[in-house]
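Chemist: Below is the structure I would like to discuss, written out as C-alpha cells.
The values are calculated or read from the model by the stated rules, or taken from the named source; none is laboratory data. Every value quoted in this text rests on a predicted model; they were computed, and no experiment measured them. Note: ideal-geometry Cβ built from the backbone for every residue, glycine included; neighbour counts use all protein chains shown.
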Amino acid sequence: MANRRTTTRGFKRTGSLLSDKIRKAGESRGFAVTRLLTHWPEIVGEDTAAIARPVKVGYGRGGLGASLTLLTTGAHAPMLEMQKEGLRAKVNAVYGYNAISRIHITQTAPTGFAEGQADFRYAPKVQAPVQPDAGAVAAAEQAATGVEDDSLRAALERLGQNVLSKQNKQKNERKG
C-alpha cells in the first residue's frame, strides 16, 4: 500500500476551474455593471452621485465578492472614505445579496489633464417640446371647462394637449 501525500493543490485547481462559472452565475443573477452606471444617482442618492462616479467592478481571485472602484476629486475622497460601508450597503441592497465586498476610492483632479478631468453631474434627459395642434388645444379646453380651480384647469388642459398631440402624432406616423 503506497502512502498518499495530501496536498491542497487539487482543491486550488478546482477553485480556479469554478471561478469563471461563479462569475457567470453572478452575472446571470442581475449583477450587471451597466446597472450601476445607469442608475447610480438612484442607488446612492443625488448628493453622492454629484461627487463620485462608479468606474469599475472587478472580481478577486476567488471569484466571490467584487470590488467597486469609485472616482472622485481629491477634496471629496475623505468624505467618501467615511461613507464606504453605507455605500456598499446601498449597492448590495439593489442586488439583494452581498455582490460588492470592497469599495476602492480613486482620486482625480477636477481640472487639468484631459484624462483626469471629471464631471460627475448626470445630464438631464432633454426632449424637444411638442407643439400641440389647434384641434388638440380646443379639445383640451373643452374637456376642462367644468373645473373651477384655475391652476387645476390649466394643468388638465396641458395634460389633454399632450395626450391628444401624442395620439395625433402616432396616427400620422402610421399613415405615413
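Chemist: In this structure, does Arg23 turn out to be at pLDDT 80 or above, among the basic types (Lys, Arg) and surrounded by 11 or more Cβ atoms within 10 Å (Cβ to Cβ)? Steps first, please.
Modeler: Values: at pLDDT 80 or above: no; among the basic types (Lys, Arg): yes; surrounded by 11 or more Cβ atoms within 10 Å (Cβ to Cβ): yes.
For Arg23, the condition - at pLDDT 80 or above, among the basic types (Lys, Arg) and surrounded by 11 or more Cβ atoms within 10 Å (Cβ to Cβ) - is not met.
Chemist: Taking the options Asp150, Asp119, Asp133, name whichever one is modelled with pLDDT under 85 and over 34 Å from the mean Cα position of the chain (by Cα).
Modeler: Details: Asp150 fails: modelled with pLDDT under 85; Asp119 fails: over 34 Å from the mean Cα position of the chain (by Cα).
None of the others qualify; the one that does is Asp133.
Chemist: Residue check: is Lys90 at pLDDT below 75, closer than 25 Å to Leu36 by Cβ and outside the structural domain of Leu164 (by TED's automatic domain parsing)? Don't jump to the end; show me each part of the working.
Modeler: On the way: at pLDDT below 75: no; closer than 25 Å to Leu36 by Cβ: yes; outside the structural domain of Leu164 (by TED's automatic domain parsing): yes.
No, not satisfied.
Chemist: Taking the stretch 73-105 on its own, how many of its residues are β-branched (Val, Ile, Thr) and more than 15 Å from Trp40 (Cα to Cα)? Step through it out loud before you land on a result.
Modeler: Here is the first cut: in the stretch 73-105, the residues β-branched (Val, Ile, Thr) are 73, 91, 94, 100, 103, 105.
Checking the rest, the ones that are also more than 15 Å from Trp40 (Cα to Cα) come to 73, 105.
So the answer is 2.
Chemist: If we keep just the residues of the stretch 147-176 that are touching a helix residue (DSSP H, G or I) at 6+ places or on another chain (Cβ under 7 Å) and among the polar types (S, T, N, Q), which is surrounded by the fewest Cβ atoms within 10 Å (Cβ to Cβ)?
Modeler: Selected residue: Asn168.
Chemist: Output yes when any residue across the stretch 106-115 is part of a loop (DSSP other than H, G, I, E, B), at pLDDT 65 or above, within 27 Å of Gly45 (Cβ to Cβ) and of a type outside the set (A, V, I, L, M, F, W, C), and no when none is. Outline the logic, then answer.
Modeler: Taking the stretch 106-115 first, the residues part of a loop (DSSP other than H, G, I, E, B) are 109-115.
Next, from what is left, pick out any that are at pLDDT 65 or above: 109.
Filter once more, so that each one left must be within 27 Å of Gly45 (Cβ to Cβ): 109.
Restricting the remaining residues to those that are of a type outside the set (A, V, I, L, M, F, W, C) gives none.
Looking through the stretch 106-115, none of the residues is part of a loop (DSSP other than H, G, I, E, B), at pLDDT 65 or above, within 27 Å of Gly45 (Cβ to Cβ) and of a type outside the set (A, V, I, L, M, F, W, C).
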